[in-house]
1. Select, from Val320, Val311, the only residue that is within 22 Å of Arg99 (Cα to Cα) and at pLDDT below 95.
2. Do any residues in the stretch 188-217 that are farther than 30 Å from Gly50 by Cα have Cβ atoms under 6 Å from those of residues that are hydrophobic (A, V, I, L, M, F, W, C), where the two are at least six apart or on different chains, and which pairs are they?
3. Any idea which residue in the stretch 287-308 is modelled with the lowest pLDDT, counting only those that are of a type in the set (D, E, K, R) and touching an Asp or Glu at 6+ places or on another chain (Cβ under 7 Å)?
4. Working carefully through the options Val69, Val19, Val82, find the one that is outside the structural domain of Glu262 (by the TED database), modelled with pLDDT of 95 or more and either more than 15 Å from the chain's Cα centre (by Cα) or not β-branched (Val, Ile, Thr) (or both).
5. Quick one: would you say Thr356 is buried (at least 18 other Cβ atoms within 10 Å of the Cβ), touching a residue at least 24 places away in the same chain (Cβ under 8 Å) and of a type outside the set (Gly, Ala, Ser)?
6. How many residues does the stretch 321-340 contain that are outside any loop (DSSP other than H, G, I, E, B) and under 26 Å from Gly282 (Cα atoms)?
7. Name the single residue that is farthest from Val311 (Cα to Cα) among those in the stretch 367-377 being at pLDDT 95 or above and buried (at least 18 other Cβ atoms within 10 Å of the Cβ).
8. Does the stretch 107-152 hold any residues that are more than 30 Å from Glu293 (Cβ to Cβ), touching a strand residue (DSSP E or B) at 6+ places or on another chain (Cβ under 9 Å) and among the aliphatic types (A, V, I, L, M), and which are they?
Amino acid sequence: MRRRRVLTASAAMALAGCVSYPTSDADAPASDALVRDAIETRRRMHDLAGRRTMTVETPDGTVERTERVTGQPPAKQRIEVVESTDPDVPVGSVTVTNRAVTWEYNPATETVDKRYHPNKTDTDRTRRVLEDFLDEYRLEYAGTATVDGRDAHVIETRPPVDDIGPTIDLVVGDTMFVVPLQATADAAEMTVSRTVWIDDEYRYPVKERNAITEDGETRHSLTVAYEDLSIDEGVDSGTFTYEPPAEAAVVTDGPEPEGVFESRADAAAVTPYDLPDPDVPGRFVLDRVTVVEKAERFGTTTTLWYNDPNVVARECYVAVREVQRFSPDAPTLEEIEIDGHAAYRRDGRKQSIFWTCDELTYEVTSLTDDTPIVEIAASIGCQ
């Protein structure tokens, strides 16, 4: 049984006196250690749920909305807006996403935007933001504070001077903060500050504030905070599917898959070619197989998705295509040899290997650099 992990004011009262806080700067926890703890919490997280309030403050006024959020990182999330003064996101708005599709319901227009994305790669944005803190930001411990009745550590972060772009990925909001450069008289003179609160017991970010200041005056700020956040409590079946209201008009977009299957055998029944049976490391399990038929000139693409159920976003996939999608001459590709056959490797945030065999093209891609993609490709080979 998983240990109960609920971030509430009542839980904080029960734990009163159990948390020891530093009494001097010398006793203060290291900011990078707190961020590493948060990364590890995220890596091992199965689900989270709670209320999340987003507040935007500008010289023209304040806009706020509160959402009921449920998620299974990195791919599944349900957001229901329960309070809002934002005219663009009214009360009753719903967004539900899973591995293959996203629904967005707008009650003001009574429309549902249904977008298919069966072959979307699900990276863990929150974890990557935390990793960027360690790699690129200057971190400063700023003491302790209370968030939703619980004790939290405050960390001030500073991005590299040359890395203040038009958007900032949020670590609490699972979205982006669009930096309103037009809000300042001189964008070159603006300062972007970022403060993150990490819960003391659970070592997870529970609040974040991004602010733009000029000449000491705050011109724009965005604050996101969780209330009643629970971690690894489980979610109800059906949470990440959506049934549009009867009166809503449904607009679809993206490639609708021929099917999303639980096994190779089921997928093989609808594909025009044999499917490989790759040898993947034991930590991986087959999550699903997607089959997408596009126009004749693009043919059928089948993707076998594998993930590590114990680590968020440790995922790899094997794709089979009837039409070659890579260019051997691309500067991002390095020619290698696998069992006497030419293949092409791409490094970066995604690690990939491409090759052709018997009028089919193959791809092995991993989201992490600790997956032996060469060995996986060799296990498929070219028969």
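1. Working: Val320 fails: at pLDDT below 95.
Step by step, each of Val320, Val311 is checked, and only Val311 is within 22 Å of Arg99 (Cα to Cα) and at pLDDT below 95.
2. Taking only residues 6 or more apart or on different chains, the pairs are Met190/Ile212; Glu214/Met190.
3. From the stretch 287-308, those of a type in the set (D, E, K, R) are 287-288, 293-294, 296-297, 308; that's our starting set.
Next cut, touching an Asp or Glu at 6+ places or on another chain (Cβ under 7 Å) only: 288, 293.
Details: Arg288: 96, Glu293: 91.
Per the stated criteria, the residue is Glu293.
4. On the way: Val69 fails: either more than 15 Å from the chain's Cα centre (by Cα) or not β-branched (Val, Ile, Thr) (or both); Val19 fails: modelled with pLDDT of 95 or more.
Checking each option against the conditions leaves just Val82.
5. Working: buried (at least 18 other Cβ atoms within 10 Å of the Cβ): no; touching a residue at least 24 places away in the same chain (Cβ under 8 Å): yes; of a type outside the set (Gly, Ala, Ser): yes.
Judged against the criteria, Thr356 is not a match.
6. Filtering the stretch 321-340 for residues outside any loop (DSSP other than H, G, I, E, B) gives 321, 333-338.
This time we only want the ones that are under 26 Å from Gly282 (Cα atoms), so: 321, 336-338.
The number of residues fulfilling the criteria is 4.
7. Going through the qualifying residues, I end up with Ala377.
8. Val129, Leu130, Leu139, Ala142, Ala145, Val147, Ala152
The values are calculated or read from the model by the stated rules, or taken from the named source; none is laboratory data. Bear in mind the structure is a predicted one, so any value in this text is a computation, not a measurement. Cβ coordinates were reconstructed from backbone atoms using ideal geometry, including for glycine residues, and neighbour counts include every protein chain displayed. All accessible areas refer to the heavy atoms of the entire protein, side chains included, with ligands and DNA or RNA removed. Shrake-Rupley method; radii C 1.70, N 1.55, O 1.52, S 1.80 Å.
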